[in-house]
Protein chains: 2
Amino acid sequence: MIKLNEHYLKLSANYLFSEIAKRVRAFQEAHPEKEIIRLGIGDVTRALPKACIEAFHAAVDEMGEDATFKGYGPDYGYDFLREKIARDDYQSRGADIALDEIFISDGAKSDTANIQEIFAHDIKVAIPDPVYPVYIDTNVMAGRTGDPEDGRYQGIVYLEGTKANGFIPDLPGEPVDLIYLCFPNNPTGAVITREALKRWVDYARENKALIIYDAAYEAFLRDESLPHSIYEIEGATEVAIESRSFSKTAGFTGTRCAYTVVPKACTAFDSKGGRQSLHPLWSRRMSTKFNGVSYPVQRAAEAVYSREGKLQVRALTDAYMANAGLIRQAMNGLGFDCVGGINSPYIWVDCRMDSWEFFELLLTRAGVVTTPGAGFGRCGQGFIRISAFNKRENVEKAMARIQQTLGG
Amino acid sequence: MIKLNEHYLKLSANYLFSEIAKRVRAFQEAHPEKEIIRLGIGDVTRALPKACIEAFHAAVDEMGEDATFKGYGPDYGYDFLREKIARDDYQSRGADIALDEIFISDGAKSDTANIQEIFAHDIKVAIPDPVYPVYIDTNVMAGRTGDPEDGRYQGIVYLEGTKANGFIPDLPGEPVDLIYLCFPNNPTGAVITREALKRWVDYARENKALIIYDAAYEAFLRDESLPHSIYEIEGATEVAIESRSFSKTAGFTGTRCAYTVVPKACTAFDSKGGRQSLHPLWSRRMSTKFNGVSYPVQRAAEAVYSREGKLQVRALTDAYMANAGLIRQAMNGLGFDCVGGINSPYIWVDCRMDSWEFFELLLTRAGVVTTPGAGFGRCGQGFIRISAFNKRENVEKAMARIQQTLGG
């Protein structure tokens, strides 16, 4: 008898963003005349950089001629892209990462979802709260948790982000094996200092734990003292796997390209207590379950590292960061405390009331869609996330409307 | 202590195609003057159809302008592509498949690798021998098998393909829950009749089993009496999931687009014996672990269904099928029995000696790379696979060399 994976049935049915979409739709149907501005989902709105578009076209042309056509590419990605990532994203910042430690993929979501497969079933997983839901849900699906209770799964250690700790969780108070961290953070926009990140790396080394470091928003860092990669911290190659994406950096959310770094020095333990490198395991995972990223997409991603590409990407992220500054200033001006929006495209607003109530208030009175913090976990209650990913004029209009609604 | 997934350590270290590459490299280094023709790996060699290239460029242009830019697409694929698949690949052949039962992905490899996740851990899995290694390896990685012994994993039921049964396995002699089938077959090129496929569907319905049907080579079927989809068989929507790909159909091996059909009627059982639809489980898997296929790639795939696209794809597959005919004829002419090459791009040759010996003979004496059947499983011993994916002139030259080597 074919049986299903019952762990899936533990997942809560209401996915945050579908609930938001449902509420927005209901409001629009009741008020078809009202124009809605979406500062909810963190999706980019600006065109791909010109350098990427040119490289993309050139590669499509190659696919159109027998002589230059490309069939199966390397499962781990083309070296032309891996070598630029190694050089510009790591070696240039003093992080000792080699080309063959970089695995190109179709998305940081896929990678941070799939990475748990290479670990044992009975490990203890520590996940921040509030959090991007993929880290939790994939561990639920893999059967590493019990049933949910009050919105939390038994068996997971929640690393609480609060106003008191500035949404940088404290080290766990009990032994954990696998730790998810994300900085600049989604959803809070909080960033981590070199010193604070070192405490996590040291913890992992001392406690034989491993860190999954999600640096998808790295391109929004402006304060040069902040680490772009966990590998800027000494010893991190032994205890950390890092994922990054071209999605938010260069507007690739609809184009799909990302990468994950698994250093050869990074190890886990077998049941005899022996240390084994994780690099061959992730290599095997990728070559067995994946066939590489579309060749023209990899060429488009490579263009991000050209001189023009770098300037264009900087202009792109600068534009979103200007929006972020505007949002933060407006909300501060209305008396709301905020985290984020300085080195990150998300502004995490202490709304001093129930998240969903504040969401409804902004939707129905200002026509602005945000994301209720409670959707990211228990510690998100009382906050909302505002995204800077929109056109300047829409952000200005949204803030003016919010000021009008709440300012009186 | 972070522990690794030890099931990975059961996987055999030598992956077939890397072993072949190693041997070819060694031969080339010893004989740099000899020209090698590769009829080994099943990778396409001809350019993408013109219709696909045009649509690809047009979509890249859209990504270059704010007004037409596309961010995150639907996790399950764009409706413009799903509706054409539903109409042309299913409904037009009398198979009752709706748009929302189709999930667009980056590859049939990914899908046939990932699909086992939605089933329970303790199911009995039946896998053909010889076989595409992904079905086995992904179940090994998930912990559904014991250790390997003489090249077979404990706990898997092997469905043997032999000369006697024409490489169409018999129904299993013991109860099984999940069955992998692939027709036109990789590696044997064998095809299944409607009657034989009906026996499998009936078996699954009677025994509460489920079939994963890999139809990646469907576009090479020329005999109109053969089923293109398992859903042409009555009742199959209740017991079968089907995967297809644009890789071999339209030359997308380096472009990456495929799809999997999970009919809403298709069910598995929960631990209380209740039937549950698998559609919500696969939907949840895709929305949690995947972010959709690159928009320009989906537009290129859509062009396969245009009038010009269909003609161009037919011309492409016809050219490979002409190669297949040439290979089959040459090998038959030399007295070798063959399966495949008529409704499939693979020719499975009974070499009447050890697979690897024959592989070495063809490599060292004719300079032609093939794939030793033994690499696909115990039942592949004594056979080699020759792929029709190459330029006409290379296939002609390869066959002339083989005739010269073996004909005397």
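Each reported figure results from applying straightforward, stated rules to the coordinates on display, with no laboratory input. Keep in mind that what you see is a predicted model, and the values were worked out from it rather than measured. FYI the Cβ positions are ideal-geometry reconstructions off the backbone, even for glycines, and counts take in every protein chain you see.
What the pair-distance distribution of the stretch A:52-306 shows, using all Cα-Cα distances binned every 5 Å from zero, is 1, 6, 13, 18, 19, 17, 12, 7, 4, 2, 1, 0, 0 percent. Can you find, among B:246, B:183, B:57, the residue sitting farthest towards the positive end of the charge dipole of the stretch B:52-306, where Lys and Arg contribute +1 and Asp and Glu -1 at Cβ? Farthest towards the positive pole: B:183. Counting neighbouring Cβ atoms within 10 Å and putting the fewest first, the residues A:200, B:348 line up as A:200, B:348. Computed 3J(HN,Hα) for the stretch A:244-261, one whole-Hz value per residue from the Karplus formula 6.51 cos²θ - 1.76 cosθ + 1.60 where θ = phi - 60°, is 9, 9, 8, 4, 8, 4, 10, x, 8, 4, x, 9, 6, 7, 7, 7, 10, 9, glycine and proline marked x.
Considering only DSSP beta bridges with both partners in the protein assembly as shown, what is the antiparallel share in %, to the nearest 5? Antiparallel: roughly 55 percent of the beta bridges in the protein assembly as shown. Taking amide H positions as modeled 1.01 Å from N, with prolines and chain starts lacking one, the residues under 5 Å from residue B:38 and 5 or more places away or on another chain are B:369. Ranked for footprinting exposure by Cβ neighbours inside 10 Å, fewest first, A:229, B:12 give B:12, A:229. Take residue A:65, push a point 7 Å out from Cα through the beta-carbon direction, and compare it with the same point in every other copy: 2.8 nm, smallest first. Here the relative contact order of chain B, from alpha carbon pairs under 8 Å that lie six or more residues apart, stands at 23 percent.
Write down the percent of antiparallel bridges among all DSSP beta bridges whose residues are both part of chain B, to the nearest 5.
Just about 55 percent of them are antiparallel.
By the Stokes-Einstein formula, at 0.890 mPa s and 25 °C, the stretch B:334-404 with its Kirkwood radius over alpha-carbon pairs has D equal to 200 µm²/s.
Show that you can apply the helix-only estimate: for chain A, add -39,500 (n - 2.57) for every DSSP H stretch of four or more residues, divide by all residues, and state [θ] at 222 nm to the nearest 500.
On the way: 12 runs with 137 residues, N = 408.
Estimated from H runs of four or more residues: -10500 deg cm²/dmol.
Peptide packing for A:310-316, B:175-181 was compared via the average number of neighbouring C-beta atoms within 10 Å per residue; ordered from the highest value, the list is B:175-181, A:310-316. Per-residue 3J(HN,Hα) values for the stretch B:187-194, derived from phi via the Karplus relation 6.51 cos²θ - 1.76 cosθ + 1.60 with θ = phi - 60°, read x, 7, x, 5, 10, 10, 7, 4 Hz in sequence order (x marks Gly and Pro).
For the stretch A:262-313, the Cβ-based charge dipole about the Cα centre amounts to some 180 debye (Lys, Arg positive; Asp, Glu negative; other atoms uncharged).
Note on the protein assembly as shown: dipole from Cβ charges, positive end direction compared against A:128, A:321, A:286; the farthest Cα belongs to A:321. Across peptide B:243-253, the average count of Cβ atoms from other chains found within 10 Å of a residue's Cβ is 2. Near residue A:63: Cβ cut-off under 13 Å, other residues only, Lys/Arg at +1 and Asp/Glu at -1. The net charge is 0.
Setting aside same-chain residues fewer than 8 positions from residue A:310, which lysines have a Cα under 23 Å from its Cα? Straight-line reach from residue A:310, under 23 Å: A:50, A:84, A:248, A:391, B:70. The H on the amide N of residue A:214, modeled in the peptide plane, is under 5 Å from the matching H of A:181, A:182, A:183, A:243, each at least 5 residues off or on a different chain.
Cut-off is 10 Å between beta-carbons; in what order do A:243, B:18, B:225 appear when sorted fewest neighbours first?
The fewest-first ordering by Cβ neighbours comes to B:225, B:18, A:243.
If you wrap a convex hull around the Cα atoms of the protein assembly as shown, how much volume per residue is inside, in Å³? It would help to have the intermediate numbers written out before the result.
On the way: hull volume 131.5 nm³, N = 816.
Per residue, the Cα convex hull of the protein assembly as shown comes to 161 Å³.
Here the stretch B:140-177 and the stretch A:151-198 have alpha carbon centers that stand 45 Å from each other. Distances, shortest first, from the label point of residue B:222 to those at the same position in the other copies read 6.5 nm; the point lies 7 Å along Cα to C-beta. Model label points for residue B:35 and residue A:96, set 7 angstrom from Cα along the Cα-to-Cβ axis, are 4.7 nm apart. Take each residue of peptide B:64-76, count the partner chain Cβ atoms within 10 Å of its Cβ, and average: the result is 5.
Output the direction-averaged projected area (hull surface divided by four) of the convex hull of the alpha-carbon atoms of the stretch B:90-226, in nm². Walk me through the numbers before you get to the answer.
Numbers: hull surface 37.2 nm².
In nm², the orientation-averaged hull projection of the stretch B:90-226 is 9.3.
Could you work out the local net charge near residue B:147, counting Lys and Arg as +1, Asp and Glu as -1, over the other residues with Cβ closer than 15 Å to its Cβ?
-2
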